[in-house]
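**Student:** I have a structure here, written as structure tokens, and I will follow up with some questions on it.
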Amino acid sequence: MESVLTVQNLQKSFKDTQVLHDISFSVQKGEIMAILGPNGAGKSTTIRNIMGIMYPDEGEVIFHNHNGNTIPRHKVGYLPEERGLYKNVKVMDILLYFAELKDYPLDKAKERALTYLKKFDLEGKENVVVDELSKGMGQKVQFIGSIIHEPELLILDEPFSGLDPLSQDVFKREIRELAENGTAILLSSHQMNLVEEMCDRLFLINKGQQVIYGKMKDVKAEYANFKCMIYGENDVQTLEAIPEVTRVEQDGDTSVLYLEPSATLPDWLSNIPKDLDVQEISVDRISLHEIFVDVALGRSIAEKEGVLDAQ
Amino acid sequence: MRNSLKVGKWEMKRNLKSKSFLISLFLTPLIFIFFATVPNLLMDDGGDEESGTTVYVNDSIGAYSMLESIAEEQSFLSWNLEETDQSLNEAQSTIDSEDAFIQLNEETLQNGVVSYVTGDEVSNQFMTQLQTLEQPIKQMQIQQADLNEEQMALVSSPIQFQVAEASAGSESVEMSSSPFAEDPFENGVPALFGGIVLFSIVITGMMIFQSASQEKKEKVAEIVLSSVTPNELMQGKIIGYFALGLIQVTAWMVFIIPLSLYLVDDIPIMEYLLTPQLLLFVLIAILGYLLFASLFVGLGATLEDASSGSNFQGMVMMLPFLPVVLIGPILADPNGLAAQIGTFIPFTSPAVLLIRLALIDQWPWVEIIISLAILIVSIWLFMKLAGKIFKVGILIYGKNATPQEIWKWLRA
């Protein structure tokens, strides 16, 4: 895989508090890489350091395919977390301005703008003044603005915040399509469920420190153990007595059993006591969301802090 | 630089397409015209009555023809002269409310007393107008005194004051009794033009402040900064609003020049305007703009909401109006201490220079050059500082910066 961006040993302090400790990762061509973490974990700070809006105290940001120390602004698309649009201008004018700033040919930009407006269900809005758009529409226009110049690397800071589920799906589909066409995508989010299904690799950050870094499926295999949900009247003690069960959560007749990482499903299922009251049963892997909550609360997984091979 | 121009072009286009800018662009000169013409029209009514002031002259010393020629020469004397045989007492009892009576007799020549009577509705200006008779009457008195030519020349020549420099060996310099220029229009018209340029671009400079503050409020800054550097964005704004200022001046001139040609048709304005002096005045105006523009763009980046600025920011906003304080002393003495101090303070020097150079004939070139040098150095300095403030300030959301914070950014 060809790396487009590499971040090495990034450190940053505000006043006396260190907000980034030794952050390192890379983003490759055609992949979706996610920076995940709770609010205040350092996601936006990391991205701002990449975009040259802040400067790191230590460490390096390397754009491959680009010589020199400057940021290849024309090849990078950026959708910041704090985003807005000039109020009293037309949608097309602002999109063309963004394209012009990136030195992208205007006739091509116009064509692309119209295509994307159509894709985002904003057909015919190109001459509408930004003021008259709803918040969601505005966000779509901002997204178009960040990709209007066909960037090699697209950096999206919380792209889904404030979107309704329908628009979220449109954004997801579009981001995936861009990645399939070879764009390297770095996105940050605290909405795990959205990211879980679309990202190839992830970088979990908490309090400015790397917690997990690796391929999505490896992370799931490593951290996302099986959990078994049983609906029926059962004693907690009986359930806890089942081998390879680490934890049991019970809410009325619903019990969730967390299994040890070493557990293999067929063996474990055949060992279930025959007298258990089972109305319904389902087995699933722990979701990214649960890993995230565990990490954020500093529970078990955090203790097993580790790095997977990112390649 | 290319990026700055792109930003500048955008700022220009954005404003030219906005209704409020267009309205103010055309409304301001219209308001100006309104205030320039309407009081004039009203005054003209008064003037008509005045032009009807019939002045009866009882002349027993042969001064009437001289009076007639004065009334013709001095256009502001709207007198209709008429000779009369009425005595002062008769005039007192019979005079019409809009008429006046002047008595010139032996007493006038001997004691220098001119008795006159005015009707109720004759304006107070009549007294001032009477003063114009002083010089000719004096002349007649001198003639009466039977002086020879030499004596007459001596008596009628004004007193001149000559100053000798205190330092040894220096030549004595003859000063004309007044520092004011002989022809007030020669420098005045170009300076007025420069003043208008300065005024309008300082106004657009304030728009920069709004624009920077809005950029923050609308949170576009970070998107734009992913394409250009903060310095390019800042310079672009300064360039864009400079162009807007020039557009505004042009629009004003389209209204003002024909209007002023119409209003004051006896002064060849265009000839006075298109002189080498104009270049210096415009240069001063542009330097003034650059100084305030850099000040405002930095300030705007510290405020999210212009209306909630602290006293600190409000005080900075008032800086362009500082020269107003100095106008009085400068008019009184264009080469005085206040004027000189004003010339060397960058915030006041553009306006003070414009006023002074319009008033005085002998331009103090040394002062002008030092002042321009100070101005240019301060522009450079302020651009640097504004750049520092802008870079940090534009990306701080949700709050206004305090002076302490700004100080910290400046030292960073």
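**Student:** For the subset of region B:79-115 comprising residues that are in contact (Cβ under 8 Å) with a residue 40 or more places away in the chain and β-branched (Val, Ile, Thr), which member is nearest to B:Glu134 (Cα to Cα)?
**Tutor:** B:Thr108
**Student:** Within region A:223-247, count every residue that is farther than 26 Å from A:Leu204 by Cβ and among the aliphatic types (A, V, I, L, M).
**Tutor:** So the count comes out to 5.
**Student:** Check A:Met51 against each of (1) under 29 Å from A:Ile291 (Cβ atoms); (2) within 14 Å of chain B (Cβ to nearest Cβ); (3) at pLDDT below 85 and name the one condition it does not meet.
**Tutor:** Among (1) under 29 Å from A:Ile291 (Cβ atoms); (2) within 14 Å of chain B (Cβ to nearest Cβ); (3) at pLDDT below 85, A:Met51 violates only (3).
**Student:** Could you please give the count of residues in region B:13-31 that are within 12 Å of another protein chain (Cβ to nearest Cβ) and touching a residue at least 40 places away in the same chain (Cβ under 8 Å)?
**Tutor:** So the answer is 3.
**Student:** Out of (1) open to solvent by less than 20 Å² (accessible area, probe 1.4 Å); (2) in a loop (DSSP other than H, G, I, E, B); (3) away from chain B (no Cβ under 11 Å), the odd one out for A:Val4 is which?
**Tutor:** Looking at each condition in turn, A:Val4 falls short on (2).
**Student:** I need a count of the residues in region A:43-56 that are open to solvent by 10 Å² or more (accessible area, probe 1.4 Å) and either within 12 Å of A:Thr6 (Cα to Cα) or part of a loop (DSSP other than H, G, I, E, B) (or both).
**Tutor:** 5
Each row is one residue, and each column tells you yes or no for (1) touching a residue at least 40 places away in the same chain (Cβ under 8 Å); (2) out of contact with any helix residue (DSSP H, G or I) (no Cβ under 9 Å at 6 or more places or on another chain); (3) under 23 Å from A:Leu297 (Cα atoms).
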{"site": "A:Ser3", "(1), (2), (3)": "yes, yes, no"}
{"site": "A:Lys15", "(1), (2), (3)": "no, yes, no"}
{"site": "A:Gln18", "(1), (2), (3)": "yes, yes, yes"}
{"site": "A:His21", "(1), (2), (3)": "yes, yes, yes"}
{"site": "A:Glu31", "(1), (2), (3)": "yes, no, no"}
{"site": "A:Ala34", "(1), (2), (3)": "yes, no, yes"}
{"site": "A:Gly37", "(1), (2), (3)": "yes, no, yes"}
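**Student:** Out of region A:58-90, which residues are assigned to a loop (DSSP other than H, G, I, E, B), surrounded by fewer than 21 Cβ atoms within 10 Å (Cβ to Cβ) and among the basic types (Lys, Arg)?
**Tutor:** A:Lys75, A:Lys87, listed by residue number.
**Student:** Moving to a separate point now. Please go through region B:230-254 and pick out each residue that is among the polar types (S, T, N, Q) and open to solvent by less than 50 Å² (accessible area, probe 1.4 Å).
**Tutor:** The one that is among the polar types (S, T, N, Q) and open to solvent by less than 50 Å² (accessible area, probe 1.4 Å): B:Gln248.
**Student:** Going through region A:12-41 one residue at a time, which ones are assigned to a loop (DSSP other than H, G, I, E, B) and either more than 19 Å from A:Asn206 (Cβ to Cβ) or open to solvent by less than 10 Å² (accessible area, probe 1.4 Å) (or both)?
**Tutor:** Result: A:Lys15, A:Asp16, A:Lys29, A:Gly30, A:Glu31, A:Gly37, A:Ala41.
**Student:** For region B:186-222, which residues satisfy the criterion of being within 10 Å of chain A (Cβ to nearest Cβ), part of a helix (DSSP H, G or I) and open to solvent by 10 Å² or more (accessible area, probe 1.4 Å)?
**Tutor:** Those that are within 10 Å of chain A (Cβ to nearest Cβ), part of a helix (DSSP H, G or I) and open to solvent by 10 Å² or more (accessible area, probe 1.4 Å): B:Gln214, B:Lys217.
**Student:** Let me ask something else. For residues in region B:2-18 being surrounded by 20 or more Cβ atoms within 10 Å (Cβ to Cβ) and touching a Phe, Trp or Tyr at 6+ places or on another chain (Cβ under 7 Å), which is farthest from B:Gly245 (Cα to Cα)?
**Tutor:** In this case the residue turns out to be B:Trp10.
Residues checked against (1) more than 10 Å from chain B (Cβ to nearest Cβ); (2) of a type outside the set (Lys, Arg); (3) without any contact (Cβ under 8 Å) to a residue 24 or more places away in the chain:
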residue: A:Asn65; (1), (2), (3): yes, yes, no
residue: A:Asn69; (1), (2), (3): yes, yes, yes
residue: A:Lys90; (1), (2), (3): no, no, no
residue: A:Asp107; (1), (2), (3): yes, yes, yes
residue: A:Gly124; (1), (2), (3): yes, yes, yes
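**Student:** Take B:Ile360 and decide whether it is modelled with pLDDT under 80 and under 30 Å from the mean Cα position of the chain (by Cα).
**Tutor:** yes
**Student:** Just name the residue that is surrounded by the fewest Cβ atoms within 10 Å (Cβ to Cβ) out of those in region A:248-262 that are over 29 Å from the mean Cα position of the chain (by Cα) and in a loop (DSSP other than H, G, I, E, B).
**Tutor:** A:Gly252
**Student:** If we scan region A:92-101, do we find a residue that is facing another protein chain (nearest Cβ under 10 Å), in a loop (DSSP other than H, G, I, E, B) and closer than 13 Å to A:His149 by Cα?
**Tutor:** No; the residues of region A:92-101 include none that is facing another protein chain (nearest Cβ under 10 Å), in a loop (DSSP other than H, G, I, E, B) and closer than 13 Å to A:His149 by Cα.
**Student:** Check off (1) surrounded by fewer than 21 Cβ atoms within 10 Å (Cβ to Cβ); (2) within 13 Å of chain B (Cβ to nearest Cβ) for A:His149 and give me the number that stays unchecked.
**Tutor:** Only one criterion is unmet by A:His149, namely (1).
**Student:** Could I ask something else about it? Among the residues of region A:152-169, count how many are out of contact with any Pro (no Cβ under 6 Å at 6 or more places or on another chain), within 14 Å of chain B (Cβ to nearest Cβ) and not in a loop (DSSP other than H, G, I, E, B).
**Tutor:** 4
**Student:** Just need a number here: residues in region A:208-247 that are in a loop (DSSP other than H, G, I, E, B) and surrounded by fewer than 16 Cβ atoms within 10 Å (Cβ to Cβ).
**Tutor:** Count: 4.
**Student:** Here is a further query. Take the conditions out of contact with any Phe, Trp or Tyr (no Cβ under 6 Å at 6 or more places or on another chain) and either at positive phi or modelled with pLDDT of 85 or more (or both) and apply them to B:Leu198. Does it pass?
**Tutor:** In short, no.
Listed here are the residues, each with its yes/no results for (1) more than 14 Å from chain B (Cβ to nearest Cβ); (2) open to solvent by less than 20 Å² (accessible area, probe 1.4 Å); (3) assigned to a helix (DSSP H, G or I); (4) touching a strand residue (DSSP E or B) at 6+ places or on another chain (Cβ under 8 Å).
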site	(1), (2), (3), (4)
A:Tyr104	no, no, no, no
A:Glu111	yes, no, yes, no
A:Asp121	yes, no, no, no
A:Ile144	no, yes, yes, no
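The values are calculated or read from the model by the stated rules, or taken from the named source; none is laboratory data. Note that the coordinates shown come from a computational prediction; the quantities given were computed from them, not determined experimentally. Quick reminder, even Gly has a Cβ in these numbers, built from the backbone with ideal geometry, and neighbours come from all protein chains shown. Areas reflect the complete protein model, heavy atoms only, side chains present, ligands, DNA and RNA absent. Shrake-Rupley method; radii C 1.70, N 1.55, O 1.52, S 1.80 Å.
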